[in-house]
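Trainee: Before anything else, here's the structure in question.
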Amino acid sequence: MKKIFSVLFIGSFLYSCTNTDNMNTDPNSSYSTVPSTLLSYAQKELSDFVNTPSVNENNFRLTMQYWQETTYVEESNYDFVTRNVSNSVWIDCYVNVLNNLNQAKQIISTYNPTASEAPSWPVKKKNQIAIIDMQMVYTYQLLTDIFGDIPYSESLNLASNPLPVYDNDTSIYSNLITRLSTDISNLDTSGGSFDSGDYYYSGNVSKWKKFGNTLLLKLGITIADINPTLAQSTVNTAIGNGVFTSSADDCKFNYLSSSPNYSPLFENLVARNRNDFVAGKTIIDYMNSLSDPRRTMFFEPTSGTTYVGAIIGNPASFSSNSHIGNFANTETTPGVLLNYTETAFYLAEASARWTPSLATTNYNKAVITSFIEWGLSLTDATTYLTSNPYNSVNWKQSLGNQAWIAMYNQPITSWTFYRRLDYPQLIASASSVAIASGKIPVRLTYPVKETTTNPTNWATASSAIGGDNLTTKIFWDVN
């Protein structure tokens, strides 16, 4: 694995929360590094990765056939090797996020409080460590869902383990559930946490507790087909302890109106002055067939109320196809990590699996939540549901198709819904790369650098998961 350094590349976004009293000291050295700075940097890097449409890092809007490239169509055809996409994901998650969070945790663990801090420090310390660790759980789940077996137990101690082993993905999930449960129980709402540096919840311990329970819900529902017993108990615990109940609970990063801290969507679609993306034919045709009013928010019409999408995998005319909606052309569009709409679909799925009597109600609530998220009305949603009711005979189709629409701006999450529920029934591009075998990718291959710098452990992991291929399913993807 690429060596994970503790050097920080902290941009101007973080200047406001760093000590600038001594301009002659190196701001990237350990003597000036504070946990809040590390936390801020990691949060922005995580949000940037999850939300960017950069073809060098996150191509899941293309994989899920929401968007189509106009000129350079390699990524629409699942060529993720030319641009070393997996390597960028690896660096984003391990180096920029996990390593910085781990460094913050270590500093907090060894910090000696001042006399005035000492009385409240034990609770505050415990809260800070739990909050950091929950974000590490989120990131490890991302990596596992993208690659399968990954370096986990040895991943952040490169001094002792310069060539970390890959842990079994099933075991990682079990550990993450246990680990997250401990973090949640360690949160004490009677005390504080971070006074600065937390751009998700501003140190609000109650909100972090809801985040933890909602993440636990996500972990549980993801393994529902492979381990229904553990899944159901995990989901029930999460719901019982309190998950997101409104958009006020959303975990998101609020971008600023100027470079380099505006939305990665704006950066890639507007600031770079390029016309690289248009609407994909698959999603446009499906939403047209349903007269789905969310089209007006997702895309721009070519004329009047006409929405046109480009054929997946083919070069596309920028002028002849619908453009991406205004949300992507706005500097301050927040970067979503986990939100209430996603939560509502997990609750609907849990009902479909284990309490069918509540399934219709929770399905309706999930769809309504998506409409409200995108600025549409309850009336719009109710009318839509009349024509698109819950289908209890094939609930996976019902939920899968609606989650696909609802997760339009959360493409990694959408990809996981698709792999778990097997809907929508997407058809791979006719011009897709040979290694895709004519199928939609269900994982990313390991970084090429892993094959040369950590070849033994890479080979062992590749064999364990059934081959380092785009078509090798993650352990929870059983259908």
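The values are calculated or read from the model by the stated rules, or taken from the named source; none is laboratory data. Being a predicted model, the structure only gives us computed values, none of them experimental. Reconstructed Cβ throughout: ideal geometry from the backbone, glycine too, with neighbour counts over all protein chains shown. Calculation scope for accessible area: heavy atoms of the full protein, side chains included, ligands and nucleic acids excluded. Shrake-Rupley method; radii C 1.70, N 1.55, O 1.52, S 1.80 Å.
Trainee: Would you compute, from DSSP H runs of 4+ residues alone, the mean residue ellipticity of the chain at 222 nm, taking -39500 (n - 2.57) per run and dividing by the full residue count, rounded to the nearest 500?
Mentor: Dividing the helical sum by the residues of the chain leaves -13500 deg cm²/dmol.
Trainee: In whole Hz, with x marking every Gly and Pro, tabulate ³J(HN,Hα) for region 307-320 from phi via Karplus 6.51 cos²θ - 1.76 cosθ + 1.60, θ = phi - 60°.
Mentor: Coupling constants for region 307-320: 10, 10, x, 7, 4, 5, x, 9, x, 10, 7, 5, 7, 9 Hz.
Trainee: Full extension from Phe318 to Ala118: what is 0.36 nm times the residue separation minus their Cα-Cα distance, to one decimal in nm? Present the calculation step by step, with values, prior to reporting the outcome.
Mentor: On the way: separation 200, 0.36 × 200 = 72.00 nm, distance 6.06 nm.
Length gained between Phe318 and Ala118: 65.9 nm.
Trainee: Within region 358-379, what residues put their amide N at less than 19 Å from the label point 7 Å along the Cα-to-Cβ vector of Leu290?
Mentor: Inside the label zone: 359-379.
Trainee: Another one. Where a Cα-Cα gap under 14 Å defines reach, which aspartates and glutamates qualify for Lys125, not counting those fewer than 8 residues away within the same chain?
Mentor: Within reach: Glu117, Asp133, Asp183, Asp188, Asp195.
Trainee: Note down the accessible area of Ser437, probe 1.4 Å, to the nearest 10 Å².
Mentor: About 80 Å², rounded to the nearest 10.
Trainee: Compute the Rg/Rh shape ratio of the chain: radius of gyration over Kirkwood radius, all on alpha-carbon atoms.
Mentor: Working: Rg = 22.0 Å, Rh = 23.1 Å.
With Rh from the inverse mean 1/r over Cα pairs, Rg/Rh is 0.95.
Trainee: Report the charge-dipole magnitude of the chain in Debye, nearest 20, computed about the Cα centre from +1 at each Lys and Arg Cβ and -1 at each Asp and Glu Cβ. Don't jump to the answer; show the numbers that get you there.
Mentor: On the way: 29 positive and 38 negative charges, 106 e Å.
So the dipole magnitude of the chain works out to roughly 500 debye.
Trainee: Counting Lys and Arg as +1 and Asp and Glu as -1, what is the net charge of the other residues whose Cβ lies under 15 Å from the Cβ of Arg419?
Mentor: 0
Trainee: Here is a follow-up. Once the piece of chain linking Thr71 and Asn175 is laid out straight, how much longer is it, given 0.36 nm per residue of separation minus the C-alpha distance between them?
Mentor: Result: 33.1 nm gained on full extension.
Trainee: Check Gly280: other-chain or 5+ apart residues with amide H under 5 Å from its amide H, H built from backbone geometry?
Mentor: Those lying under 5 Å, H to H, from Gly280 are Trp67, Gln68, Ala310.
Trainee: Just want the answer: with Cβ charges of +1 for Lys and Arg and -1 for Asp and Glu, which residue in Thr382, Gly438, Phe417 is farthest toward the dipole's positive end in region 321-479?
Mentor: It is Gly438.
Trainee: Another question about this same structure. With +1 on the Cβ of every Lys and Arg and -1 on the Cβ of every Asp and Glu, and nothing else charged, how large is the dipole of region 287-379 about its Cα centre, in debye rounded to the nearest 20? Could you put the intermediate results ahead of the total?
Mentor: Values: 4 positive and 6 negative charges, 43 e Å.
Its charge dipole is roughly 200 debye.
Trainee: A further question follows. Quickly rank 352-361, 308-317 as a protection proxy: mean count of other C-beta atoms within 10 Å, highest first.
Mentor: With the highest mean Cβ count within 10 Å placed first, the list reads 308-317, 352-361.
Trainee: Mind checking the full-extension length gain between Gln106 and Val448? Use 0.36 nm per residue of separation minus the Cα-Cα distance, one decimal, nm.
Mentor: Stretched fully, the Gln106-Val448 segment lengthens by 120.1 nm.
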